[in-house]
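Below is one structure, written out as structure tokens; the observations come after it.
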Amino acid sequence: MSEPSQTNFVRTQMLPPSPPPLREAGVVRWLRENLFSGWFNTILTLFGLVVIWLLVSSALPWWLNGVWTAGSLGECREIIAKTAGEGASGACWAVVRERWHQFIFGFYPVDLWWRPVLAFCLLFAAMGPVLFAGQKRKLLILLGAVVAMILILVTLAASAVPNEVPGQTDAPFVWKLALALSLLTIGAMMALTAAGSGKLLWFTGLYPALCFWLLWGGPIWVPLGALFGFVLLAVVYSSLLKRAGPGMAAGLGLIVALVWWLFIDAPVTVALNDAIPFGLTSVQSDEFGGFLLAITIGVTAITFSLPVGILLALGRQSDMLIVKTLCVGFIEFIRGVPLITLLFTASLLLQYFLPPGTNFDIILRVIILVTLFAAAYLAEVIRGGLAALPRGQYEAADALGLDYWQAQRFIILPQALKVSIPAIVSTFIGLFKDTTLVAFVGLMDPLKGVTQIVRADIDWKGIYWEPYIFVGAIFFVICFGMSRYSMYLERKLKTDHR
Amino acid sequence: MALAHDAPKDSFRLSMLIYDTRYRAVTIQVFVLILVAAFFAWLLNNTIENLAIRGKEFNYGFLWQRAGYDIGQQLIPYTNDSTHFRALLVGLLNTLAVAALGCIFATILGVLIGVLRLSKNWLVSRLMTVYVEMFRNVPVLLWILLAYVILSEVTPSPRDFKAAEGVEPAASMVLGGTVAITNRGTNIPAPMVDHPLGGFEIGGIPVNFTVLAFISVIVASFWANARILTAARLKQEATGDRPTTWWKSLLVLFVPVIALSLALGLHWDIPALAGFNFKGGILVAHSFTALLVALTLYTSAFIAEIVRAGILAISKGQSEAAFALGLRPGRTMQLVILPQALRVIIPPLISQYLNITKNTSLGIAVSYLDLRGTLGGISLNQTGRELECMLLMMAIYLTLSLTISTLMNFYNKSVQLKVR
């Protein structure tokens, strides 16, 4: 046929790939796909931009003109008018600087602040082994965050307290905070070294009594007496476990412990305290306030509501008619009424329901009611988890010859709880937010109690955004942190492959 | 036969109550029952003793005594000469008013935000995420207090609306000059009729024929519209052609109401500045507005999450199948995704509605006189009958919650997948 020279052009080399058209690459493409992919999307984007512009244009000058050092709202406004010009808006953060200690501690005595701070630090040492078992890096991050928080607190304290809080000598105050911090460091070291093996779990068990003692003070024999009840329970339980089975053993142990707590504990404690008086200055419940109060109630109620909720859920799923009816009645009653009415019951009706003359601490009453309230919600959440388990799991447990409690402990509950983690944590978040409602029974929660006091001060009358933003931001950080933790836990416990 | 007789007969021993699983359940239940009964007997005994010490008796007679206090917002006539029971009713209606409006607004806002959060638009979905996280993670009490403080301290006083000579007034009415927001409350236009139809009272609760006429006409219009749509669907299924219905629907839905309005002479009474205050229209107290706004914003964040989770729960194959059938995105949402998502959405939505109802009791923070404010607040303090008031209040809240959950469960059953 024809010569090779007459054939059409044959390419012997690959061309380098040409760059994509401008519209299909980089920022432009991203913008086109995500913001302007159609007329509707474009309208939405413009709408969003307008909203952002409105928010920023009204709030940004306010943030930028913020004043941190002033004695009253009037002074704040003068400073703003001087620096930013007449008529400019500006935040008056001076109120936070001046009153932060009330938002955090309420009326807790100033020279005893080291106690709640120490209790708060140790809380992380106690929670670490439970929350981040075997995750040293996570623990490190957690501890770093806490240390940073404490440092900020101390800086604030050092700058604000000596001027603002009358009647306190500042040398022991700073010294005690330093002690708390060094103890914190020791705690952090211990937590880190023991995190992997769970060796620190004993501390987690000991923590509630320690925390109670640090916060309320008083003779050390009171928390020790309470702890001894648990020791009795454990001893009776382990000695009877073989002969009577777990249910009976736990029941008998509980009876022995109750007898100790109700009848023997108080005289023994008094006698011991007379013999060896040792204790901290005691602090009354009405001196508690602010986030100290919210966190005390929240953490205690969260800790105790989970076991109660699990028991209620198991009771509701039980075959025993009477137990089941009682559990259903309790759960539906608690879920049917607002928390406020229960809190009022704690403050108004308990004087009718208890033997004449008994009177116990209002914070304790509130904690019990909040615990029961959260437990009823948790019971429903866990019941959902139990119902989601296939019937075969129960049958497999039976086939292995496990008894009821073994089956629950090794097979049913680990799976049911895992399924319900998000809902459990959101119940906890709800509980923590609901601690603000204790304001209605006369306690000083950070939101209504303390803010009301601050706003009633003649110096700060008419201030509203700043204290609410401050309190709201702290609530946000805690609640948002909890929800992120639940996501982490979900990922960590995920065993199925998708 | 002999063998059967030889089998050792289980003679009942007392230890079997504990060790034999057949009897153990009974033992435990009897034990629990005795404990619970003893506990309640103890409570009752304490209560009787305490009442005797205080010289009180358990008696609901106080409900028919004169209440002697005023209530700002009353949906049924009430004066301070009315009884405590009447005050209870007014409070209950106030609770229900906030709860019902809150449920409606929170659902609308929540669905909108939930859908927008799933939008492919990057900016809008981020904005909605910020909204949801912001309102979910902060106590609702903060939103209530903040809304109330802003409404009552930032808004202008009625004096500022006055135009002085040559000077523009410092504040003006919003929404085309019909609504005035002052530091005393929000003045909104009130519907008025020239020829009212009259009414009567049943047990102190007024029944207004005019309102009744409007409600019945609207209900009848919707019923007729539903009939038209059903007829159209049946015809479509029989013949394949769908008759045009939009103009019939418009006619049926709007003409009767407009006709009734014209016949009765409906007009709006717009608030106007008279002297130092606004006259005419309805004055909505800030406590009501703040509570409603805060509950709506807070709950809508939760509803948005529920809606989002419900839509995400429908597997992608469903929408892909719908696209493969040639359905447009809108129709896919309407015909395929939403009917399935509703099944996931409704149960948690019920508990959000219950939460709104229970959270209305936070109105105490802004002195909104709901059930808790009247029966559990002022009535309780005036009569000193804590036990009676608290028990009655809990019973009412419990009834309310159980009623709502029963009603919603009926609805839930009707949308659930029918499995046979």
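The values are calculated or read from the model by the stated rules, or taken from the named source; none is laboratory data. Keep in mind it's a predicted model, so treat the numbers as computed, not measured. Note that each Cβ is placed from the backbone with ideal geometry, even for glycine, and that neighbours are counted across all protein chains shown.
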Subject >> Positions within the range A:457-478 being within 13 Å of another protein chain (Cβ to nearest Cβ) and over 27 Å from A:Ser58 (Cα atoms), in sequence order >> reply: A:Ile478
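Can you tell me which residue among B:Thr107, B:Thr27, B:Thr79 is touching a residue at least 40 places away in the same chain (Cβ under 8 Å) and not aliphatic (A, V, I, L, M)?
Details: B:Thr27 fails: touching a residue at least 40 places away in the same chain (Cβ under 8 Å); B:Thr79 fails: touching a residue at least 40 places away in the same chain (Cβ under 8 Å).
Checking each option against the conditions leaves just B:Thr107.
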Original post:
What are the residue pairs meeting all of these: first residue in the range B:123-143, first residue more than 20 Å from A:Thr427 (Cβ to Cβ) and at the interface with chain A (Cβ under 8 Å from one of its Cβ atoms), second residue in a helix (DSSP H, G or I) and among the polar types (S, T, N, Q), Cβ atoms under 6 Å, and 6 or more apart or on different chains?
Top reply: B:Leu123/A:Thr45
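Could you grab me the full set of residues in the range B:348-379 that are among the hydroxyl-bearing types (Ser, Thr, Tyr), surrounded by fewer than 20 Cβ atoms within 10 Å (Cβ to Cβ) and in a helix (DSSP H, G or I)?
Kept after step one, since they are among the hydroxyl-bearing types (Ser, Thr, Tyr), are these residues of the range B:348-379: B:351, B:353, B:357, B:360-361, B:367-368, B:374, B:379.
Remaining after also requiring surrounded by fewer than 20 Cβ atoms within 10 Å (Cβ to Cβ): B:351, B:367.
Correct list: B:Ser351 only.
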**OP:** Evaluate the range B:221-232: report whether one residue or more is aromatic (Phe, Trp, Tyr) and farther than 23 Å from B:Val90 by Cα.
**Re:** yes
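Take the range A:333-384 and flag every residue that is among the aromatic types (Phe, Trp, Tyr), touching an Asp or Glu at 6+ places or on another chain (Cβ under 9 Å) and in contact (Cβ under 8 Å) with a residue 12 or more places away in the chain. Spell out how you get there, then give the answer.
Step one: filter the range A:333-384 for residues among the aromatic types (Phe, Trp, Tyr), giving A:333, A:344, A:352-353, A:360, A:373, A:377.
After this cut, where a residue has to be touching an Asp or Glu at 6+ places or on another chain (Cβ under 9 Å) as well, the list is A:344, A:352, A:373.
The answer is A:Phe344, A:Phe373.
Out of curiosity, is B:Ile345 away from every other protein chain (no Cβ under 11 Å), out of contact with any Asp or Glu (no Cβ under 9 Å at 6 or more places or on another chain), surrounded by 21 or more Cβ atoms within 10 Å (Cβ to Cβ) and free of Cβ contacts under 8 Å to residues at least 60 places away in the same chain?
Numbers: away from every other protein chain (no Cβ under 11 Å): yes; out of contact with any Asp or Glu (no Cβ under 9 Å at 6 or more places or on another chain): yes; surrounded by 21 or more Cβ atoms within 10 Å (Cβ to Cβ): yes; free of Cβ contacts under 8 Å to residues at least 60 places away in the same chain: yes.
Yes: the conditions hold for B:Ile345.
Quick one: count up the residues across the range A:223-243 that are within 14 Å of chain B (Cβ to nearest Cβ) and in contact with a helix residue (DSSP H, G or I) (Cβ under 7 Å, 6 or more places away or on another chain).
Step one: list which residues in the range A:223-243 are within 14 Å of chain B (Cβ to nearest Cβ), which gives A:240, A:242-243.
Next cut, in contact with a helix residue (DSSP H, G or I) (Cβ under 7 Å, 6 or more places away or on another chain) only: A:240.
Looking only at that region, the number is 1.
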**OP:** Go through the range B:382-419 residue by residue and tally those that are in contact (Cβ under 8 Å) with a residue 24 or more places away in the chain, over 17 Å from the mean Cα position of the chain (by Cα) and facing chain A (nearest Cβ under 8 Å).
**Re:** 1
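Could you go through the range B:197-207 and let me know if any residue there is in contact with a Gly (Cβ under 7 Å, 6 or more places away or on another chain) and outside any loop (DSSP other than H, G, I, E, B). Break it down stepwise before answering.
Within the range B:197-207, the first condition is being in contact with a Gly (Cβ under 7 Å, 6 or more places away or on another chain), and the residues that meet it are B:206-207.
Then drop every residue that is not outside any loop (DSSP other than H, G, I, E, B), which leaves B:206-207.
Yes, the range B:197-207 contains at least one residue that is in contact with a Gly (Cβ under 7 Å, 6 or more places away or on another chain) and outside any loop (DSSP other than H, G, I, E, B).
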Original post:
Taking the range A:419-443, which residues are facing chain B (nearest Cβ under 10 Å), within 26 Å of A:Gly106 (Cα to Cα) and not polar (S, T, N, Q)?
Top reply: A:Ile429, A:Gly430, A:Phe432, A:Lys433, A:Asp434, A:Leu437, A:Ala439, A:Phe440
Original post:
Restricted to the range A:419-457, and to residues that are of a type in the set (Gly, Ala, Ser) and outside any helix (DSSP H, G or I), which residue is farthest from the chain's Cα centre (by Cα)?
Top reply: A:Gly442
Original post:
For the range B:63-120, which residues satisfy the criterion of being of a type in the set (Phe, Trp, Tyr) and touching a Lys or Arg at 6+ places or on another chain (Cβ under 7 Å)?
Top reply: B:Tyr78
Original post:
Restricting to the range B:228-256, what's the tally of residues that are of a type in the set (Val, Ile, Thr) and without any contact (Cβ under 8 Å) to a residue 12 or more places away in the chain?
Top reply: 4
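Looking at A:Trp113, is it modelled with pLDDT under 85 and surrounded by 15 or more Cβ atoms within 10 Å (Cβ to Cβ)? Quick ask: steps written out before the conclusion?
Values: modelled with pLDDT under 85: yes; surrounded by 15 or more Cβ atoms within 10 Å (Cβ to Cβ): yes.
Answer is yes for this residue.
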Original post:
Hey, among the residues in the range B:36-53 that are modelled with pLDDT under 90 and surrounded by fewer than 12 Cβ atoms within 10 Å (Cβ to Cβ), which one's nearest to the other protein chains (Cβ to nearest Cβ)?
Top reply: B:Ile53
**OP:** Would you check if A:Thr303 is under 23 Å from the mean Cα position of the chain (by Cα), more than 12 Å from chain B (Cβ to nearest Cβ) and modelled with pLDDT under 90?
**Re:** yes
Subject >> Qualifying residue in the range B:90-106 (condition: buried (at least 19 other Cβ atoms within 10 Å of the Cβ), away from chain A (no Cβ under 14 Å) and either touching a strand residue (DSSP E or B) at 6+ places or on another chain (Cβ under 8 Å) or of a type in the set (Val, Ile, Thr) (or both)) >> reply: yes
Original post:
Out of all the residues in the range A:50-74, which are within 13 Å of chain B (Cβ to nearest Cβ) and either assigned to a loop (DSSP other than H, G, I, E, B) or in contact with a helix residue (DSSP H, G or I) (Cβ under 7 Å, 6 or more places away or on another chain) (or both)?
Top reply: A:Val51, A:Leu73
